[in-house]
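The values are calculated or read from the model by the stated rules, or taken from the named source; none is laboratory data. All of these numbers come straight from a predicted model, not from anything done at the bench. Cβ placement follows ideal geometry from the backbone for every residue including glycine, while neighbour counts extend to all protein chains displayed. Remember, those area values only see protein heavy atoms, side chains included, never the ligands or the DNA or RNA. Shrake-Rupley method; radii C 1.70, N 1.55, O 1.52, S 1.80 Å.
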Amino acid sequence: MKINIVCAGNRNFIIPMKVMLKSLAVNTRKNVEIFVLNKEWKGDDKIDFIETFSNNKNISIKFLDMENYECLNHFKTTKNIPIESYFRLFLPEVLPDNVEQIIYLDGDIIVEGDIEELWNIPIGEHALMAVSEMFHEAHYVSSPLALHTFKKLNIPEKSKYFNAGVLKINIKKWKENNIAKRIIDYLIENKDEVLWHDQDGLNAVLWNDWGELPSEWNVMTALFREEDFERIDMSKETACYIMRNPKIIHYTISKEKPWKETCTNPLKDRYFFYANMI
């Protein structure tokens, strides 16, 4: 059995995606099939990407072209959140029919744990599994930098708002419940109120249909800045433990990407540890 991984990014994000996947390859021995959602990548980009993992015999890579999805033109984008962020919403259409579960990984992360462990966490009947946001101003749907439409949608204000950088997705359930279309419709209809783009759509539609992953599978930059961990429903002991023992490091916040001089994340060097293997 193969572990199915999906990632997406534009040509400017190819190097971080390589580093992310190299960290995954180093830390797992299981066979992993990686689906790269892309648009406007050149042939040389794809050849070079595959060659990066030529020494990792357990890694196979397939490219899924996203050129022909006109509705992408209707989504809100910014400099920091490009159109590629929305590609995962089309997974039920673009993935092979036999894929019923996938792990989605953002390109600005490092995988320090064995991804097989994450793969084996039962998803049950949930549409997806994720880690709740570690930035206290976005921890609940009602937080100032979270889901601005929560009242209109009658979502309880203390419902947690999850980060979409690491997701386990139940593709089978997405197909059966037309989830992708519901999220896409929400994002187009509420374009002016969307703050965190596709992440808002995922939270708006699936606020009561997601399971919480152990926090060590998405340790965000905000956690290292938090002064009161109770604001994110976490004990100090737990926070300190996962900051020392992350299974996935997520370099959230634009200026905190490890390849930028402005990055102050104390785990910045882990990115370069794996980058030097490429």
Return the pairs, sorted by first residue and then second, in which the second residue is open to solvent by 40 Å² or more (accessible area, probe 1.4 Å), the first residue lies in the range 95-110 and is within 16 Å of E176 (Cβ to Cβ), the beta carbons are less than 8 Å apart, and the residues are 6+ apart or on different chains. E100/K172; Q101/K172
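Of all residues being part of a loop (DSSP other than H, G, I, E, B) and either out of contact with any helix residue (DSSP H, G or I) (no Cβ under 9 Å at 6 or more places or on another chain) or modelled with pLDDT of 95 or more (or both) in the range 195-226, which is most open to solvent (accessible area, probe 1.4 Å)? Just the residue, please.
First, the residues of the range 195-226 that are part of a loop (DSSP other than H, G, I, E, B): 195-197, 207-209, 213-214, 218, 226.
Then drop every residue that is not either out of contact with any helix residue (DSSP H, G or I) (no Cβ under 9 Å at 6 or more places or on another chain) or modelled with pLDDT of 95 or more (or both), which leaves 207-209, 213-214, 218, 226.
On the way: W207: 75, N208: 106, D209: 31, L213: 4, P214: 52, N218: 0, E226: 20 Å².
Restricting to residues being part of a loop (DSSP other than H, G, I, E, B) and either out of contact with any helix residue (DSSP H, G or I) (no Cβ under 9 Å at 6 or more places or on another chain) or modelled with pLDDT of 95 or more (or both), the top hit is N208.
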Exactly one of I121, I184, I115, I110 is out of contact with any Cys (no Cβ under 6 Å at 6 or more places or on another chain) and within 16 Å of W210 (Cβ to Cβ), and that one is I121
Can we say Y274 is surrounded by 19 or more Cβ atoms within 10 Å (Cβ to Cβ), under 21 Å from A25 (Cα atoms), at pLDDT 95 or above and touching a Cys at 6+ places or on another chain (Cβ under 8 Å)? no
Quick one: is L187 part of a helix (DSSP H, G or I), open to solvent by less than 10 Å² (accessible area, probe 1.4 Å) and touching a strand residue (DSSP E or B) at 6+ places or on another chain (Cβ under 7 Å)? no
Look through the range 148-174, keep the residues that are over 20 Å from the mean Cα position of the chain (by Cα) and open to solvent by 50 Å² or more (accessible area, probe 1.4 Å), and return whichever of them is nearest to S132 (Cα to Cα). K158
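Filter the range 227-251 down to residues that are assigned to a loop (DSSP other than H, G, I, E, B) and either open to solvent by less than 20 Å² (accessible area, probe 1.4 Å) or out of contact with any Gly (no Cβ under 7 Å at 6 or more places or on another chain) (or both), then give me how many there are. Lay out the reasoning, then the answer.
In the first step, residues of the range 227-251 are kept if they are assigned to a loop (DSSP other than H, G, I, E, B); the result is 227-228, 233-235, 245-247, 251.
From what's left, either open to solvent by less than 20 Å² (accessible area, probe 1.4 Å) or out of contact with any Gly (no Cβ under 7 Å at 6 or more places or on another chain) (or both): 227-228, 233-235, 245-246, 251.
The number of residues fulfilling the criteria is 8.
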Please name all residue pairs, on different chains or six or more residues apart, with Cβ atoms under 7 Å, provided the first residue is in the range 2-16 and is of a type outside the set (A, V, I, L, M) and the second residue is part of a strand (DSSP E or B) and open to solvent by 20 Å² or more (accessible area, probe 1.4 Å). K2/E33; N4/E33; N4/Q101
Residues satisfying the stated conditions in the range 15-29, i.e. open to solvent by less than 20 Å² (accessible area, probe 1.4 Å) and either at pLDDT below 95 or polar (S, T, N, Q) (or both): S23, T28
Inspect the range 145-157 for any residue being outside any loop (DSSP other than H, G, I, E, B) and modelled with pLDDT of 95 or more and give the result as yes or no. no
